[in-house]
There are 2 protein chains.
Amino acid sequence: MNRNFPPHAGTAHEMAAAVAAGYSPARIAEDLIANIGTVDGQVRAFAYFDADELRARAENLPDGPLRGVTIAVKDVLLTRDMPTAHNSPRYEGSMPGIDAACVDTLRQAGALIAGKVTTSEFASTTVGPGTTNPHDARRTPGGSSSGSAAAVAAGLTALAIGTQTGGSTIRPASFCGVFGMKPTWNAISREGSKMYSATCDTIGLYARSAMDFELLADVFDFDVCDLPETLEGLRVGVTYGTTPEAADDDTRAAMDGAIANLQAAGATVVDLALPPDFDGILDAHHIILAREGASAFLNEVRSTPNIEEFFTRLVSQRPTAAAARSAYKKSDRCRALIDRMFEDDIDLILTPSATGVAPIGTGTGDPVFNAMWTLLQVPVINIPFHKTIDNLPVGVSFIGRRYDDRKLIRIARLIAEAPSEPLNTSSLTI
Amino acid sequence: MNRNFPPHAGTAHEMAAAVAAGYSPARIAEDLIANIGTVDGQVRAFAYFDADELRARAENLPDGPLRGVTIAVKDVLLTRDMPTAHNSPRYEGSMPGIDAACVDTLRQAGALIAGKVTTSEFASTTVGPGTTNPHDARRTPGGSSSGSAAAVAAGLTALAIGTQTGGSTIRPASFCGVFGMKPTWNAISREGSKMYSATCDTIGLYARSAMDFELLADVFDFDVCDLPETLEGLRVGVTYGTTPEAADDDTRAAMDGAIANLQAAGATVVDLALPPDFDGILDAHHIILAREGASAFLNEVRSTPNIEEFFTRLVSQRPTAAAARSAYKKSDRCRALIDRMFEDDIDLILTPSATGVAPIGTGTGDPVFNAMWTLLQVPVINIPFHKTIDNLPVGVSFIGRRYDDRKLIRIARLIAEAPSEPLNTSSLTI
């Protein structure tokens, strides 16, 4: 289904440079319209797309670092000029009239908002929205940010915005073979994103290169911090979290590839032993989501008699207050411990992004390798690091200290640009 | 300016009972329209009020525990049928087309949404919106929930919804002599409330009796917990927090009155010594607000060149990442310590709600006695407990354990209904 990706479907840097050199946003809009016609019938990444509205937006872009760069917006983020349906019957055609804070910021930077892309219902269930994986249409692109990952993987947009509460940004990035970033919690305002868990909801980013996250770090004003010039001497802790048995051979191959890469570049790779405080942290994540979700969806459950059972269960089977207090205490404690590890022992953590390749069917996969890091609120970047014999991508997660997002981006870029280059999205043949 | 409050301007319980007995919501709407005409010219609690829309809403209320009960909504909460302006020039006339989650829940319970009430800009600055204190028009009603507290104090509505990030619900309740409640963080979803600080933003409640919070606890599905039948034997810890010198004689008189009341009812009152971990907790609150506010208002600052300097400073003078990590660590630690105090030592904390009576002028007062508890995410109820020689109200704060909101409400009700009765809103002559 490809080989005819238009040339603009490269990275955000390439697209911004093309616009600066005179390639007009209007032409980028026409490229996108044509490309959606060719590709999106099968991928089905878009939940809402209007060619005339896109043309009008392209004529009215402010100057800025993202001028003309196409970006797909997950359909749980409010947009003032497009419906926001959350893949929920109640919100079909809902026109909120205001932008989510991150969408507002992207528009101000000149980004060309491409349209709304698919999500599992309220970015919460594990039932996919019907979007297919660009690498294999029988497979899920992952979720809940299904359309965001698929749009970037299919070369429809240079960038996409998603969200993550469990593993909703990183897992789809792994399944779709693109760069995905879950920044530090609240480094990007989550205002105007459908609420599930105030503790875990995080705005996520997708790109076709690690370098593109530098552009987004500027746009969103991430903290300045010291940046390494090389991977030489970098201390990397490797962990399979609390569920090593969940990783299959493909995931282990991706991890081994990443380790070999890091070692070849002079990094010191060690096994990271998580202290006993981390035992049960996935349960804590589950309890916090169930508690916060019960608050978040109370009004939806009451107003929507036929709502997906997932939500009625959240509200009716809420864990006890004592369980909540205990879960918050554990997660608070582990957050302090991770901070200390980054101060004393390591520069980077390496962990799987998913249990294996994208599964076949409507399920969006297992967030077991993502949930802990979401709860810990640390920044995570998925880098595509392996291709199976069937050409399916598998990524790994690199994790940094809270607010050291720019350092993590730099490291990801150094890894992606190292001589023994990992799988690079823009070289994918899909 | 009053004595002619219509009879319906009592408590939510009384109003719900009147409706159940046949007093129609249409009549309640007409009462409110007349009352606003009489009173709100001076109080200026309402930012948006439309009589015809109110009449239409009154004709279409679902059955529910709040059927026909009037409630004012702070103008930082989205409403699908009214503008949400946040007291910001950028949002003048903005029609979001969707409800904040709490507004949706209130509508489903049959509440009659009265209109939008004033706020300081984005519920963030300490510059009042021009609303006056119903007890003395020269004075502030407090802020940022200025209109919410004033509407209930002036007998315009039985209930009001506000928000609290520093002291924005409890302080106005004290200044206006009404019952105010900041529930446990996230016990009520804050979706659709303007974001300032994800860690501290909390939906707040106003009522004319402690009993009315029971109604709201049912509507918002607060956790069930053990409820005391009496104040006898209750262990109460008294603290002036980390800034005892900030309390003036009126506040001390209110605190002494509350202590006498509790002791008369058989409670054991002790001085609560905060562990050294609490030193600097107000700084931690300040840092977390400054950090989270810098994310939250980035898009507003970029889009609004003439925005109030408060916001540009938030974004340009953001504390360092190291300061943030340290502030989160301290607040996480203190949250665990407070949980333990409630497990082992005390049932209730008593602390001031404000430094004294409502100040004269446009400033909304000092949140120094509220900020720590907001950061700790514990439930707080203000009870009016003192009247100065000038008839100005002063309240005190009762504080419970996270998620034990119903226990705190019960205790507040027992205190309010104790023989040596505190100042009761509905008996105020203003």
- Task: In nm, give the distance between the simple-model label positions of A:D279 and A:A17, each being 7 Å from the Cα along the Cα-to-Cβ direction.
- Result: 5.3
- Neighbours of A:D50 by Cβ distance under 12 Å: Lys/Arg at +1, Asp/Glu at -1, summed charge 0
- Item | Residues of type lysines that B:K182 reaches as a straight line, Cα spacing below 28 Å, ignoring anything fewer than 8 places off in the same chain | A:K194, A:K329, A:K330, B:K74, B:K116, B:K194, B:K329, B:K330, B:K387, B:K407
- Message: Can you tally the net charge around B:P319? Count Lys and Arg as +1, Asp and Glu as -1, for every other residue whose Cβ sits under 15 Å from the Cβ of B:P319.
- Response: +3
- Item | Paired Rg and Dmax values of segment A:203-264, which use every Cα atom, in angstrom | 15.4, 39
- How many nm separate the modelled label positions at B:M341 and A:D390, each set 7 Å beyond the Cα in the direction of the Cβ? 5.8
- Residues A:M181, A:M341 in order from fewest to most other beta-carbon atoms within 10 Å are A:M341, A:M181
- Give the Cα extents of segment B:61-163 along the principal axes, in whole Å, largest first. 41, 32, 17
- ³J(HN,Hα) across segment A:27-38 via Karplus (A = 6.51, B = -1.76, C = 1.60, θ = phi - 60°), whole Hz, x for Gly/Pro? 5, 4, 4, 5, 4, 5, 4, 5, 5, 5, x, 7
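Might you report the magnitude of the Cβ-based charge dipole of the protein assembly as shown about its Cα centre, with Lys and Arg at +1 and Asp and Glu at -1, to the nearest 20 debye?
520
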- Message: Can you tell me which of B:G356, B:G365, B:G93 moves the most in a GNM of chain B? Springs connect C-alpha atoms under 10 Å apart.
- Response: B:G93
- Task: Be a star and scan segment B:346-367 for residues whose amide nitrogen sits under 15 Å from the point 7 Å along the Cα-to-Cβ vector of B:R252.
- Result: B:352, B:355-357
- Low-density loop positions, GluC sites (Glu not before Pro), segment A:200-235 - DSSP coil, at most 15 other Cβ in 10 Å: A:E229, A:E232
- Query: What is the spread of the Cα atoms of chain A along each of their three principal axes, largest first, in whole Å?
  - Reply: 57, 56, 41
- Item | Check: segment B:275-320 dipole with +1 on Lys, Arg Cβ and -1 on Asp, Glu Cβ, in debye | 260
- Query: Using Cα pairs under 8 angstrom and six or more residues apart, how large is the relative contact order of segment A:162-236, in percent?
  - Reply: 32
- Output the direction-averaged projected area (hull surface divided by four) of the convex hull of the alpha-carbon atoms of the protein assembly as shown, in nm². 33.0
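If each DSSP helix of 4+ residues adds -39,500 (n - 2.57) and the sum is divided by the residues in chain B, what number results at 222 nm, nearest 500 deg cm²/dmol? Mind showing how you got there, number by number?
Values: 14 runs with 155 residues, N = 430.
Using -39500 (n - 2.57) per qualifying helix, the result is -11000 deg cm²/dmol.
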- Distance (nanometres) between label positions extended 7 Å along Cα→Cβ at A:K329 and A:E30: 6.5
- Message: Can you tell me which of A:S295, A:S197, A:S353 moves the most in a GNM of chain A? Springs connect C-alpha atoms under 10 Å apart.
- Response: A:S295
- Task: Would you please classify the overall shape of segment B:284-338 from the alpha carbon gyration tensor, given that a ≥ b ≥ c denote the square roots of the eigenvalues, rounded means a/c under 1.5, and beyond that prolate means a/b larger than b/c while oblate covers the rest?
- Result: prolate
- Message: Quick check on the exposure proxy: order B:V69, B:V152 from fewest to most C-beta atoms within 10 angstrom.
- Response: B:V69, B:V152
- Given H placed on each backbone N at 1.01 Å, which residues far from A:I188 in sequence or on other chains put an amide H within less than 5 Å of it? A:I203
- Radius 11 Å from Cβ of B:D221, net charge of other residues (Lys, Arg +1; Asp, Glu -1): 0
- Charges only on Cβ, +1 for Lys and Arg, -1 for Asp and Glu: so what's the dipole of chain B about the Cα centre, in debye to the nearest 20? 760
- Query: Along the charge dipole of the protein assembly as shown, Cβ charges K/R +1 and D/E -1, which of A:A18, B:Y328, B:G204 sits furthest on the positive end?
  - Reply: A:A18
- Item | Loop-located GluC sites (Glu not before Pro) in segment B:10-108, at most 11 other Cβ atoms within 10 Å (DSSP) | B:E59, B:E92
- Query: What is chain A's relative contact order, in percent, from Cα pairs under 8 angstrom and six or more apart in sequence?
  - Reply: 19
- Query: Each residue of segment A:187-194 in turn: what ³J(HN,Hα) in whole Hz from Karplus with 6.51, -1.76, 1.60 and θ = phi - 60°, glycine and Pro shown as x?
  - Reply: 5, 10, 4, 9, 4, x, 9, 3
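Values in this text are rule-based calculations from the coordinates and carry no lab data. If you're wondering where the values come from, they're calculated on a predicted model, not measured in any experiment. A quick note on method: Cβ atoms are made from the backbone with ideal geometry, for glycine too, and the neighbour counts reach across all protein chains shown.
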